[in-house]
Amino acid sequence: QVQLVESGGGLVQAGGSLRLTCAASGRTDSSYAMAWFRQAPGKEREFVAAISWSGGSTSYADSAKGRFTISRDHDKNTAFLQMNSLKFEDTAVYYCGARRWGTAARPLSEYHSWGQGTQVTVSS
């Protein structure tokens, strides 16, 4: 099993930017597809972006397209989420998920390892 730790969240004004990092440790002899999901208070966890184990393909929620970019450092099994032009409605806890040798899948059920989350708060 791989352990995931997210960082980079914080408080930012609308229109600002944040860069989230997800670092994997533990069983890193395999490569992992990694994804970002988010959960706002009172709402279900929703897909934001994903990147395949090779980094060759990515997938984005409509709400993230054109504003967010997912990338990875393959050697370090680390994923990043660059978030630009942040909006108030982006406020949520952002979670990193991983699936072994996976594609850039969207369903939450595809991911078997999760981090503890990092809070992103966008002030209007």
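The values are calculated or read from the model by the stated rules, or taken from the named source; none is laboratory data. Everything numeric in this text was worked out from a predicted model, so none of it was measured. So basically every Cβ, Gly included, is an ideal-geometry build from the backbone, and we count neighbours across all protein chains shown. Heavy atoms of the whole protein, side chains included, go into the accessibility calculation; ligands, DNA and RNA do not. Shrake-Rupley method; radii C 1.70, N 1.55, O 1.52, S 1.80 Å.
The loop-placed GluC sites (Glu not before Pro) in segment 1-83, going by DSSP, that have at most 11 neighbouring Cβ atoms within 10 Å of their Cβ come out as 44.
For the chain, the relative contact order comes to 36 percent (Cα pairs under 8 Å, sequence separation of at least 6). Note on residue 83: accessible area approximately 0 square angstrom, rounded to 10, probe 1.4 Å, nucleic acids and ligands left out. Local charge for residue 98 was computed over the other residues whose Cβ lies under 13 Å away, with Lys and Arg +1 and Asp and Glu -1, and equals +2. Alpha carbon centre of segment 45-60 versus segment 1-36: separation in Å? First find each Cα centre; the distance between them is then 12 Å. Accessible-area rank, largest first, for 53, 101, 114: 101, 53, 114, with all protein chains present and a 1.4 angstrom probe. With the simple model of a label 7 Å out from the Cα in the direction of the Cβ, residue 108 to residue 21 spans 2.7 nm.
For residue 91, enumerate residues with amide H under 5 Å from its amide H, sequence gap 5+ or separate chain, H modeled in the peptide plane. Sorted by chain and number, the residues that satisfy this are 122. Bridging of residue 87 to aspartates and glutamates at a Cα separation below 20 Å is possible for 44, 46, 62, once same-chain residues fewer than 8 apart are set aside. Each of the trypsin sites (Lys or Arg not before Pro) that DSSP puts in a loop and that has at most 15 other Cβ atoms within 10 Å breaks the chain; the longest unbroken stretch is 88-124. Based on protein heavy atoms only, the chain ends up with 49 Å² per residue of surface accessible to a 1.4 Å probe. Its relative contact order, with pairs defined as Cα atoms under 8 Å and 6+ residues apart, puts segment 1-40 at 43 percent. Express in Å², to the nearest 10, the accessible area of residue 93 obtained by rolling a 1.4 Å probe over the protein heavy atoms while all chains stay in place. Surface open to solvent at residue 93 totals about 30 Å².
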